[in-house]
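Contents: one structure, followed by commentary.
The values are calculated or read from the model by the stated rules, or taken from the named source; none is laboratory data. Treat the numbers as computed from the prediction; the structure is a model and nothing was measured. Reconstructed Cβ throughout: ideal geometry from the backbone, glycine too, with neighbour counts over all protein chains shown. Surface accessibility is based on the protein's heavy atoms, side chains included, excluding ligands, DNA and RNA. Shrake-Rupley method; radii C 1.70, N 1.55, O 1.52, S 1.80 Å.
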Amino acid sequence: FGGTVRVPMGKLSVAGAKRLHFLLGGDLVQNDFNILGMPLNLETSVKDLGFIGQKLEKRIKKLEIETVEDLIFYFPARHDDLSVITEIKTLVPEQIATIRGRLEIINVRRSPIRKKILTEAIVGDASGKIKLLWFNQPYLGKIFKAGDEYYFSGKVSSGDAGAELISPEYEKVKDEQTHLAGIIPMYPLTAGVSQKQLRYLIKIALGAVGQITDFLPESVKEEYRFLDLPSALYEIHFPECGKGLERAVARLKFDELFLSQLLNRKLRYDLNKKSAQTAPFKEAETIAFVKSLPFELTAGQRAAAWEIIKDIGTAHPMNRLLNGDVGSGKTVVAAMAALNVVLSDYQAALMAPTEILASQHFGTIKNMFQGLPISLGLLTGGENRLFDGGRDTAITRKEFFKKLSGGEIDFLIGTHALIEDKAKFSRLALAIVDEQHRFGVGQRKSLRERVGQEGFTPHLLSMTATPIPRTLALALYGDLDISYLPEMPKNRKPIITKIVASEKRGAAYDFIAKQIAAGRQVFVICPLIDPSDTAGVKSAKEEYEGLKRIFPSSRLGLAHGKLKSKEKEEVMSRMKKGEIDILVSTSVVEVGVDIPNASVMVIEGAERFGLAQLHQFRGRVGRGEHQSYCLLFTESRSPTTVSRLTALLGAKNGFELAEMDLKIRGPGEVYGFRQSGFPEFKIATVFDYALIKKAAAAAEEILSKDPSLESFPLLKQKFETHLASLHLE
């Protein structure tokens, strides 16, 4: 009891071993042979799992499944409860039901109407009989055998002779069901792969589930009464009952949240042990700088700047996220922090994801620092510029790196070029990362490590324009202090936003033509790059061709994710210079480039985007003196769509919209984890508040006992694997 249960091949089925495991309360069920009778391990390739594995190997690679372990960790999107068996005599039309009956008659024939092949069957149980019908599946005549018992599940229809099932799912009655008569897993699929095929392969793969190492410390499992990991993995795929499924889901969600919280807290623990250069508050100089600005700071900017200035005045490295709404003025807050650092005789660096953004920041900060004894550098793949003593000059890369390492450049602005081996600082005290979700963990770490002075870690200020609600931030960014800029600068004109139905499209095009004639520029955003037969929305490529015909005298550009970075930047540069009147694009323009002359944002298939993302698009216009407009094109008449889009019209800021969309659509759809740098949870969500709280408490407790995790070797190994799997570009 409480020990390991090992079952030799042929003595007990996987399911039997699992049930025995529950009865004995053991920690591990190990069955090293799959149902094909072959040795099985976690690295076994899908192609080695019999004929189905060979057939599907290339197809399910699109689902990132290549091995037995991948199959085990490919979780269902949902479960359908087909465990209730209904008597045939009680079936009613429109009911979705599962029956168990003996096949009495099977017949395959060609219909005289439309020449369809019909497979008909009569099935009976103790209460009565029912007709079953399939279209164009003649092979069923060879699969089914009269006299055998089967489960059938589907929607009940009303036929000439009473109730009947049209194209029901089926499975032969056996000791252990996989596809019917239970709580059945439903997986995300790809073309050419069926639910039955995937379930079959996963069932085989689960023969090796006992080889999965359970990394969660026993104390945590006991405190929260969690299943052991192999049991949870089996139950998530083929649960015995609803309660077992609940326990499996709770354990697997907790694992993801726990690793995320452990990472956050370990980063904070490790950082607190390091020392940073202290940059005291230069009160008089900061007040003079603020007075010199051509605009008045918002209350949010003042509060955020003070939080950051206090942080950089301490001997512990700052780790702060500045989360500002689109156009809320994050750059000036970052500039105030850099000013205090530079005036304390240290260096600052700002890393942006593109050359255009880096050049934009260089120009903006150069104007702010006019007349101050501060040297600015711009370093990108194609430029090395120095602004010093009021002069902006291009210098050689060799000379640039020499000045940087010699401490002659106070504030360096650039792209990934900042983390080149040759870019060495002499006394870097503040590292700023703009649009932090565009950079991998490794890139941010690399910038932070370019110190120049041994023993000191630079303060880190990350910035993002993606609105992150406080609830989400608390769940995902336990290692960061967060400052918010919810307000817009006072001189900004509100962007007039309209929902445009299909019948109003012509009038919208007339309005756009007038804006172009007045010298303005236009963005047109599409959900897809290429045309799709199934999506039912316009793609960027077809919209580009269509608008060339509608606006023959206008200059059009096209930008999308399949272009190389240089090509995208070239198109955006032409837009910025005013050489393009209408830029057709996908979501690549969501953040960043400031084009004051752009006054119209058109969003095709607006219902396909989250509210937070729509707000980001809208923020690309309204950045100049001209009145700007956002036109939401939609073909959908759905009340939900209309309600969501109407919310965009009246919302005060992006945080409010993000909170709303988080509740409607969930974080994956709102932000797109891969694009936004958020944890890529498979099963957990940011709404699992109770589990997040438990995960945070458990992580805190473990690290308080042993910050190095040396006394938790399995957890340490899992944590290191998890860390390596993050975006460490």
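May I ask you to rank 316, 459, 615 by accessible area, largest first, using a 1.4 Å probe over the protein chains only?
316, 615, 459
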With no solvent and one point on each alpha carbon, what is the Debye value of log10 I(q)/I(0) for the range 257-402 at q = 0.13 Å⁻¹?
-0.70
Computed over the chain, protein heavy atoms only, probe 1.4 angstrom, the accessible area per residue in square angstrom equals 45 Å²
Per the 1/(1 + (r/R0)^6) rule, R0 = 22 Å and r from the Cβ atoms of residue 395 and residue 422, FRET efficiency to 0.05 is 0.95
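How high is the relative contact order of the range 105-259, given as a whole-number percent (alpha carbon pairs under 8 Å, six or more residues apart)?
Once normalised by length, the contact order is 13 percent.
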Considering only protein heavy atoms, what is the solvent-accessible area of residue 241 at a probe of 1.4 Å, reported in Å² to the nearest 10?
60 Å²
Treating the beta-carbon of each Lys and Arg as +1 and of each Asp and Glu as -1, no other charges, what is the dipole magnitude of the chain about its Cα centre, to the nearest 20 debye?
1500 debye
P(r) tail fraction, the range 560-617 - alpha-carbon pairs more than 13 Å apart, %:
64 percent
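Tell me the carbon and sulfur percent of the accessible area for the chain, rounded to whole percent, probe radius 1.4 Å.
Carbon plus sulfur share of accessible area: 52 percent.
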Alpha-carbon spread of the range 486-532, three principal axes, descending order, Å:
41, 27, 21
Add -39500 (n - 2.57) for each DSSP H run of 4 or more in the chain, then divide by its residues: what number comes out at 222 nm, to the nearest 500 deg cm²/dmol?
-11500 deg cm²/dmol
Please list 306, 134 from largest to smallest accessible area, probe radius 1.4 Å, with all protein chains kept in place.
306, 134
Quick one: order 581, 160, 392 from most to least accessible surface, probe 1.4 Å.
160, 392, 581
Cβ charges +1 (Lys, Arg) and -1 (Asp, Glu), total dipole of the range 358-429, debye:
120 debye
Could you tell me which of rounded, prolate or oblate describes the chain, using a ≥ b ≥ c as the square roots of the eigenvalues of the alpha-carbon gyration tensor, with rounded for a/c under 1.5 and, failing that, prolate when a/b is larger than b/c and oblate otherwise?
oblate
Classify the range 590-662 as rounded, prolate or oblate, taking a ≥ b ≥ c as the square roots of the eigenvalues of its Cα gyration tensor: rounded when a/c is under 1.5, otherwise prolate if a/b is larger than b/c and oblate if not.
prolate
With DNA, RNA and ligands ignored, accessible area of residue 504 (1.4 Å probe; Å², nearest 10):
120 Å²
Would you list which lysines come within 25 Å of residue 330, measuring only between C-alpha atoms, while excluding same-chain residues fewer than 8 positions from it?
282, 291, 310, 366, 445, 490, 493, 568, 576, 577, 652
Counting only C-alpha contacts under 8 Å and six or more residues apart, can you give the relative contact order of the chain as a whole percent?
11 percent
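Can you give the charge dipole size of the range 69-196 about its Cα centre, rounded to the nearest 20 debye, using +1 on the beta carbon of Lys and Arg and -1 on the beta carbon of Asp and Glu? Before the final figure, lay out each step's value.
On the way: 17 positive and 17 negative charges, 161 e Å.
With only Lys, Arg, Asp and Glu charged at Cβ, the dipole is about 780 debye.
What shape does the range 183-276 have by the C-alpha gyration tensor, where a ≥ b ≥ c are the square roots of the eigenvalues, rounded means a/c under 1.5, and otherwise prolate means a/b greater than b/c and oblate the rest? Before the final figure, lay out the partial values.
On the way: a/c = 2.78, a/b = 1.87, b/c = 1.48.
Prolate.
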If the chain between residue 84 and residue 102 were fully extended at 0.36 nm per residue, the gain over the current Cα-Cα distance would be 4.7 nm
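Applying 1/(1 + (r/R0)^6) with R0 = 51 Å to the Cβ-Cβ distance of residue 370 and residue 268, what FRET efficiency is obtained, to the nearest 0.05?
Values: r = 38 Å, r/R0 = 0.75.
E between residue 370 and residue 268, to the nearest 0.05, is 0.85.
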Would you mind calculating the gained length between residue 565 and residue 517 on full extension (0.36 nm times residue separation, minus the Cα-Cα distance), in nm to one decimal?
14.2 nm
